[in-house]
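Some notes on the structure that comes next.
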Amino acid sequence: MAAAADSGRVLAVTGTTYPASSQPHDAAAVAAKSASNYKGFLAGIASGVAKCTVGHPFDTIKVRLQTSPKARFSGPLDCCLQTLRKEGIRGFYKGMTPPLIGWMASDSVMLGSLTLYRKLLLNNVYANPVFRPDLSAQELDKVKLPILGHGIAGIGAGFTVSFIAAPAENIKARLQTQYAAKKSDRFYKGPVDCTARILKTHGLRGLYRGFFATCLFRSFFFCWWTSYEIFTQQLQNHTSLSAPMINFWAGGMSAQVFWLTAYPCDVVKQRIMTDPLGGKLGDGERRVADGSATYTTAAKTSLPGSTITITCGVNYALEVPYRSDERPSTVLIEVNLSPHNAVSLVKERHVETLVTRVLESLVVGEETPRALLQVSLQVMDVETDETLPGGIKEGGQGESYLPILAAAVDAAVLGCLDAGVVMRDVAAAVLVGIEAGKGGSQTKLIVSPGVRERKRCNSLHVFAFTAARRKAILVESEGRFNLQGFESAMKAAAEVVFGLEGRLHGFRSAVEQNAEAKTRWKEG
């Protein structure tokens, strides 16, 4: 009961006196309390912004090291330098928006729920007369929450805040592991696009990917708040530090205890969150081929006149020992060409070099730096002109290397597609011969000429074109020709590649048929 004194100067409430000017119902006190809460709210926002601005670059490096292949970065410094060199300062702040918003909400929920669980444990367990019948009412009022109680409250707060933290960290991690510098080259354009696409294709289940791992990670709040109470008590009893300094040192040391114990779970959480969701989202079932198998595909020149068959075996993302020719910022591509029946080919090493250059312009090597993409080309069958003395074989001594080059490019591209190598574009190669007429006034173009036809050609040309950019990335010529004949040959090659039933159409059919053959066993 409360009773006001006659003078109006003192208000008695349950035996405690307050000056009239400080009673809770005073308008000035209410206004001051409201202003204090308003300042605290703004201070919380400023704290969240400062924490995110200073800490997010370190978090980006941490997430990238946790989720990238071993060969991508040699350590934190290498990750920092590569990110700065390729993506600039902005690369460190990818995925900053979700935690900037989420941390303000999650911090308030964490502290609020922590206080609530402490009160519930104290009132219903540790200071409950049912569980403590040996204590009097006055003694129960003096009971404090033990260190174990603080740890249990921390676990409850961790589980509670996971409902907010899990989706925010899921989006953050996916944005942080996008290595493309240009926004147009990234799978997700930003946090809004990432959230919308995941919700559209996988619903809330996709957005909460890694929720249980998040709960497991935050269960180590037990270690955080337990150690915080221990450090606080020790500093209060054995030092003369002020209360703010005790909070500072206890908070810092308890945070170190938390990360030392929870870090393995954080690695698991980040890997689960950054793992492709697949399905209609289209982010892939896996980012790169793991090199656990050799993927083989046969590439045949489908046009009349040539019967070269080359198979291609691809091993990708191999983690190899240190090599002097390894590349710290991109994948190392190694092409090996094996001739038919051990008959050496003309310019065999030159063909390997040209195929390597073609693949370097097509493969997204930045996905797996310091890794090895191994492409093995085996010439299985070649055309033989039995009517010529000794039966001169295609690509053999005395023959041009260009027919083998065209088939090798096609086989290598098909092999990489079949192996799941990340590629920015595909390319197809065509061999064109120019046969000069009498007097050199007229020329005849022969697409994919055979051995006999090549004997009549004055020059041979290989053109390789990309599908998306429609540009020539390989032009290799041999023989005598003029500019007009060269331009005509290049035009004829482009028509073969980009036609409705052209080489690129054949590539698509070959990949689809190979994929269908690989999954046919599932139908049985």
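Can you give the net charge of the other residues whose Cβ lies under 12 Å from the Cβ of Thr195, counting K and R as +1 and D and E as -1?
Charge balance in the 12 Å sphere: +4.
FRET efficiency for Phe163 and Asn247, Cβ-Cβ distance as r, R0 = 30 Å, nearest 0.05?
With R0 = 30 Å, the Cβ-Cβ based efficiency is 0.65.
List the trypsin sites (Lys or Arg not before Pro) within segment 161-200 that DSSP assigns to loop and that have no more than 15 neighbouring Cβ atoms inside 10 Å.
Values: sites: Lys172, Arg174, Lys182, Lys183, Arg186, Lys189, Arg197, Lys200; in loops: Lys182, Arg186, Lys189.
Filter output for segment 161-200: Lys182, Lys189.
At 0.36 nm per residue, minus the direct Cα-Cα distance, what do Ile147 and Ala50 gain on full extension? Give it in nm, one decimal, please.
Details: separation 97, 0.36 × 97 = 34.92 nm, distance 3.07 nm.
This chain segment gains 31.9 nm when fully extended.
Report the calculated FRET efficiency for Lys471 and Lys347 (r = Cβ-Cβ distance, R0 = 30 Å), to the nearest 0.05.
E(calc), rounded to 0.05, equals 0.75.
Within a Cβ distance under 13 Å of Leu359, other residues only, what is the Lys/Arg minus Asp/Glu net charge?
Summing Lys/Arg as +1 and Asp/Glu as -1 gives -3.
At R0 = 41 Å, how high is the FRET efficiency between Phe58 and Arg424 if r is their beta carbon distance? Nearest 0.05 is fine.
Efficiency, from the Cβ-Cβ distance: 0.85.
How far is the Cα center of segment 424-478 from the Cα center of segment 78-140, in Å?
Computed from Cα coordinates, the inter-centre distance equals 68 Å.
Would you mind counting up the charge near Ala173? Only other residues with Cβ under 11 Å from its Cβ, with Lys and Arg at +1 and Asp and Glu at -1.
Working: positive: Lys62, Arg64, Lys94, Lys172, Arg174, Arg209, Lys269, Arg271; negative: Asp59, Glu169, Asp266, Asp275.
Once positives and negatives cancel, what remains is +4.
Extending each Cα 7 Å along its Cβ direction at Arg508 and Tyr263, get the distance between those two points in nm, one decimal.
About 5.0 nm separates the two model spin labels.
Taking the number of other C-beta atoms within 10 Å as the exposure measure, put Tyr263, Tyr401 in order starting with the fewest.
Taking fewest neighbouring Cβ atoms as first place, the list is Tyr263, Tyr401.
May I ask you to compute the full-extension gain from Leu77 to Arg205, defined as 0.36 nm times their residue separation minus their alpha-carbon distance, rounded to one decimal in nm? Don't skip to the end; give the middle numbers.
Values: separation 128, 0.36 × 128 = 46.08 nm, distance 3.56 nm.
The Leu77-Arg205 span can extend by a further 42.5 nm.
Going through the cross-link list Lys86/Lys471; Lys62/Lys86; Lys62/Lys119; Lys200/Lys269; Lys51/Lys142, which pairs have a Cα-Cα distance over 27 Å in this structure?
Lys62/Lys119; Lys51/Lys142
Go through 83-94, 149-160 and give me the packing order, highest mean Cβ count within 10 Å leading. If you can, show how the numbers build up before the last one.
On the way: 83-94: 15.9, 149-160: 21.6.
Final packing ranking: 149-160, 83-94.
Quick check: pseudo-label points 7 Å beyond the Cα along Cα→Cβ at Glu366 and Asp381, how many nm apart are they?
4.2 nm
If packing is taken as the mean number of other Cβ atoms within 10 Å per residue, what is the order of 479-489, 57-67, highest first?
So the order, starting with the most tightly packed, is 57-67, 479-489.
How far apart, in nm, are the 7 Å Cα→Cβ label points at Ile230 and Leu135?
2.3 nm
Enter the per residue convex hull volume of segment 94-281, computed from alpha-carbon coordinates, in Å³ rounded to the nearest integer. Write out the running numbers ahead of the final one.
Values: hull volume 27.0 nm³, N = 188.
Convex hull of Cα atoms, per residue: 144 Å³.
Only the coordinates and a few stated rules stand behind these numbers; no lab work does. Treat the numbers as computed from the prediction; the structure is a model and nothing was measured. Don't worry about glycine lacking a Cβ; one is built from the backbone with ideal geometry, like all the others, and counts go over all protein chains shown.
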